[in-house]
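Below is one structure, written out as structure tokens; the observations come after it.
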Protein chains: 2
Amino acid sequence: MSKEKNPKEALEELGKDLAKDVLANKPPILDVPIRALSNVNFNKKSETLELGNKTSERNFFNVAHAKKFLQTLEVAAVSKELLDVGKHASLRDVFYMVKRTIPNTKVNVVDDQAESDDAMEDLEVLSGLSREQLHVNANKMGSVAGHVVVEDKGDEIDWSKMGSGGWSIPSNVEEIKFKKVKAKYVIYMEKAAVWERLHEDKFWDKQNCIIMSSQGQTTRGIRRLLQRLSQEHDLPIYVLCDGDVWGSYIYSVLKYGSINLAHMAGSMTIRTAKYLGITMDDIEKYGLKKHLITLNEQDYKRLEQLQNYEWFKDNKAWQRQFKLMKALKGKVEIQSLSSRGISFISEKYLPEKIKNKEFID
Amino acid sequence: MSKEKNPKEALEELGKDLAKDVLANKPPILDVPIRALSNVNFNKKSETLELGNKTSERNFFNVAHAKKFLQTLEVAAVSKELLDVGKHASLRDVFYMVKRTIPNTKVNVVDDQAESDDAMEDLEVLSGLSREQLHVNANKMGSVAGHVVVEDKGDEIDWSKMGSGGWSIPSNVEEIKFKKVKAKYVIYMEKAAVWERLHEDKFWDKQNCIIMSSQGQTTRGIRRLLQRLSQEHDLPIYVLCDGDVWGSYIYSVLKYGSINLAHMAGSMTIRTAKYLGITMDDIEKYGLKKHLITLNEQDYKRLEQLQNYEWFKDNKAWQRQFKLMKALKGKVEIQSLSSRGISFISEKYLPEKIKNKEFID
């Protein structure tokens, strides 16, 4: 994913190539890299999920391809329009902007959002640009605090002066400029309530770090923000999740990428991310055994999958965690630490683990 | 819900009353107002859902009551501790703080969070204080922007200088001080992506208003923030939701309260809130007919319920909406306005509707 590429030029190039075919009386064809498990490889050297070389041809004059061809171009046209007027849209907006009936037919360009989303991902691989660079945003979520000053849309925002709320992380962080970053590391946590705990305890101030959270899944905005802090400011990223398969998967996606977004690996994965907790070892060490929640069928199924992921298969530390989880037959939440005292997490658990570098890599 | 009540004193009073019973050799008893539909009335005068007068006795020496009695007191003790140290916890934290095995038995004080949540709500009705006043927070979500300056935890936060992210709304807004409020009204919307659209278009600056959003359900923090802006600054609150039963219900809860939180009616409902859209009339007027999504079984079921709610039953404007929805057999999303152009919502739809006062009350 090249960052130097100019999005408008990339789209114009795409259009010119097709126009050239048309003017030469050749059928316009798009060669779209295949985005499916069959074309996703785990690159052992870079340790990220990557798209392979297989492409699929989309020929405008092939009835089986014509609609997908049109959808991709329509989405490209919307993106071009957004870039021209300097505005951003959500995937849902794009769906409605593309959705219309083709004149003199009863056929809609798209019937549901899955189609325009798909076309958008095709446009990402075709143009080598991220959706955000094409001015189409993911959902917005999450808060951040720390001794950081950023410039965004002409405003100077001091993450250390945001009261109890913090700065609300935008869906698109590509244009944010870091003016001051005074932190030794970043803790990303999957739960907003844990963030509020650490924030109220001024953890980021006392420990000189940045705290960031979403609620549940990690949004693309957060992933990019973490990646930028990691790459541009060389900050270690520590991931704090529930001690369960879903927590392990949140970490897995942050660090290695996801199958869906394999084509985005470069701009999305954080290779240096480390898993901070909750680990299966924490259960014994911090007296959380009575808070074990029994694994259900879904947990076991997911656990099996995780154990067999290529990027976890040869990772002894993770395999040990998965085995322990199976042996304990249970999972444990971050907030079970509250049973040891409301600020146990910020006064003992986190400082101790970070000082002793007790991470899973 | 009295705001003058001192939370610590209220809890101490509760404890003293019980201690008095014990010292007088009487069984300690809690009289807890019943929080169920059977004891929830719609007050036609104040137009809010209210708790009735029925109470249920919780006698410590009645085996059927003892556990609930204990749970309520344990939750009160946790709340007292939080107030003493000046910290806040989430409901999940409270669960873990209360959860322990009673010595010499195999009985846990609570086995799952529903029990401690329930005890917390009992404590709210018993003490006449909100969970937030008792230092237990709901989930955090949502963003806000506008020409407003607040003071929170010693920080001065200017909602007009928050870049593209906005201020992240905390779960507890009780202690926020409004230093400057320059706005004619507030638009609350159920979708973060719509908020980002309006924010990028500087809608709040051009229209001199405040824009606020969550994602899906309205959190208690947001409800209180809206209510405070309405009561303390006399600002009209306009609600922008999808044109469907779920949107109508979001509005219903904001304006009239919810059955679950009937005991909180005073500090939660916004009696002056008005529904701005999407209305069934908008569909014709703004050419959204082709974006109608067919109602499913669940929609019809919910529609039936809404039509029969006491607070909607005699409301002609809403009954008309519900009938139209049935006749159209469809629902429509806010973002379908994007089919008319990316900024159609901020340049035409909203200014026009607000100027013409096209609200549903």
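The values are calculated or read from the model by the stated rules, or taken from the named source; none is laboratory data. It should be emphasised that the depicted structure is a prediction, and the values quoted were computed from it without experimental measurement. Here the Cβ is made from the backbone with ideal geometry for all residues, glycine too, and neighbour counts use every protein chain on show.
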Could you please let me know if B:Ala119 is buried (at least 22 other Cβ atoms within 10 Å of the Cβ), among the small types (Gly, Ala, Ser), at pLDDT 90 or above and more than 23 Å from A:Glu200 (Cα to Cα)? yes
Residues that are surrounded by fewer than 24 Cβ atoms within 10 Å (Cβ to Cβ) and either farther than 25 Å from B:Lys202 by Cβ or not assigned by TED's automatic domain parsing to the domain that holds A:Tyr188 (or both), drawn from region A:140-163: A:His147, A:Ser160
Given the conditions (1) within 27 Å of B:Tyr96 (Cβ to Cβ); (2) surrounded by fewer than 17 Cβ atoms within 10 Å (Cβ to Cβ), which single one is not true for A:Glu304? (1)
How about region B:1-102: which strands (runs of 3 or more DSSP E) wholly inside it have at least 3 residues that are in contact with a Leu (Cβ under 9 Å, 6 or more places away or on another chain)? B:29-33, B:40-43, B:55-59
Restricting region A:69-96 to residues that are hydrophobic (A, V, I, L, M, F, W, C) and in contact with a helix residue (DSSP H, G or I) (Cβ under 7 Å, 6 or more places away or on another chain), the one farthest from A:Glu174 (Cα to Cα) turns out to be A:Phe95
Taking into account only those residues within region B:164-187 that are of a type in the set (A, V, I, L, M, F, W, C) and at the interface with another protein chain (Cβ under 8 Å from one of its Cβ atoms), which is farthest from the chain's Cα centre (by Cα)? B:Trp167
Residues being more than 13 Å from A:Ile211 (Cβ to Cβ), at the interface with chain B (Cβ under 7 Å from one of its Cβ atoms) and assigned to a loop (DSSP other than H, G, I, E, B): count how many of those fall in region A:152-163. 3
Right, A:Lys301: assigned to a helix (DSSP H, G or I), of a type in the set (Lys, Arg) and either more than 27 Å from the chain's Cα centre (by Cα) or over 26 Å from A:Tyr256 (Cα atoms) (or both) or not? no
Which one of these does B:Val149 not meet: (1) under 25 Å from B:Gln217 (Cα atoms); (2) more than 10 Å from chain A (Cβ to nearest Cβ); (3) hydrophobic (A, V, I, L, M, F, W, C)? (1)
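Yes/no per residue for (1) polar (S, T, N, Q); (2) more than 25 Å from B:Ser46 (Cα to Cα):
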site	(1), (2)
B:Leu261	no, no
B:Ile270	no, no
B:Asp282	no, yes
B:Ile293	no, yes
B:Glu310	no, no
B:Arg320	no, no
B:Gln335	yes, yes
Whether any residue in region B:278-292 is touching a residue at least 24 places away in the same chain (Cβ under 8 Å), farther than 16 Å from B:Leu328 by Cα and buried (at least 23 other Cβ atoms within 10 Å of the Cβ) is what I want to check. no
Any idea which of (1) crowded, with 21+ Cβ neighbours inside 10 Å; (2) within 14 Å of chain A (Cβ to nearest Cβ); (3) more than 23 Å from the chain's Cα centre (by Cα) is the one B:Gly86 doesn't satisfy? (1)
Which residues, taken from region A:164-204, are outside any loop (DSSP other than H, G, I, E, B) and in contact (Cβ under 8 Å) with a residue 60 or more places away in the chain? A:Ile187, A:Tyr188, A:Met189, A:Ala193, A:Val194, A:Arg197, A:Leu198, A:Phe203
Which number in (1) in contact (Cβ under 8 Å) with a residue 40 or more places away in the chain; (2) of a type in the set (A, V, I, L, M); (3) out of contact with any strand residue (DSSP E or B) (no Cβ under 6 Å at 6 or more places or on another chain) marks the one condition that A:Val110 misses? (1)
Across region B:304-319, the tally of residues that are without any contact (Cβ under 8 Å) to a residue 24 or more places away in the chain and either within 14 Å of chain A (Cβ to nearest Cβ) or in a helix (DSSP H, G or I) (or both) stands at 7
Of the conditions (1) touching a helix residue (DSSP H, G or I) at 6+ places or on another chain (Cβ under 6 Å); (2) modelled with pLDDT of 90 or more, the single one that B:Lys26 does not satisfy is (1)
Among the residues in region A:126-133, are any touching a strand residue (DSSP E or B) at 6+ places or on another chain (Cβ under 7 Å) and within 26 Å of A:Lys87 (Cβ to Cβ)? yes
Hits in region A:320-342 - residues which are in a helix (DSSP H, G or I) and aliphatic (A, V, I, L, M): A:Leu324, A:Met325, A:Ala327, A:Leu328, A:Ile334, A:Leu337
Going by the structure shown, is A:Glu190 at pLDDT below 95 and farther than 18 Å from A:Ile270 by Cβ? no
In region A:207-255, which residue that is assigned to a helix (DSSP H, G or I) and over 17 Å from the mean Cα position of the chain (by Cα) is surrounded by the most Cβ atoms within 10 Å (Cβ to Cβ)? A:Val245
Can you tell me which residue among A:Val75, A:Val94, A:Val107 is in contact with a Ser or Thr (Cβ under 8 Å, 6 or more places away or on another chain), within 14 Å of chain B (Cβ to nearest Cβ), among the β-branched types (Val, Ile, Thr) and surrounded by fewer than 20 Cβ atoms within 10 Å (Cβ to Cβ)? A:Val107
Residue identified as assigned to a loop (DSSP other than H, G, I, E, B), surrounded by 13 or more Cβ atoms within 10 Å (Cβ to Cβ) and charged (D, E, K, R) among B:Glu347, B:Glu358: B:Glu358
Scanning region B:45-72 for residues that are small (Gly, Ala, Ser) and touching a Lys or Arg at 6+ places or on another chain (Cβ under 9 Å), the one farthest from the other protein chains (Cβ to nearest Cβ) turns out to be B:Ser46
Taking A:Ser130, is it polar (S, T, N, Q), more than 8 Å from chain B (Cβ to nearest Cβ), within 16 Å of the chain's Cα centre (by Cα) and surrounded by 19 or more Cβ atoms within 10 Å (Cβ to Cβ)? yes
Exactly one of these conditions fails for B:Glu190: (1) within 13 Å of chain A (Cβ to nearest Cβ); (2) crowded, with 23+ Cβ neighbours inside 10 Å; (3) not aromatic (Phe, Trp, Tyr). Give me its number. (2)
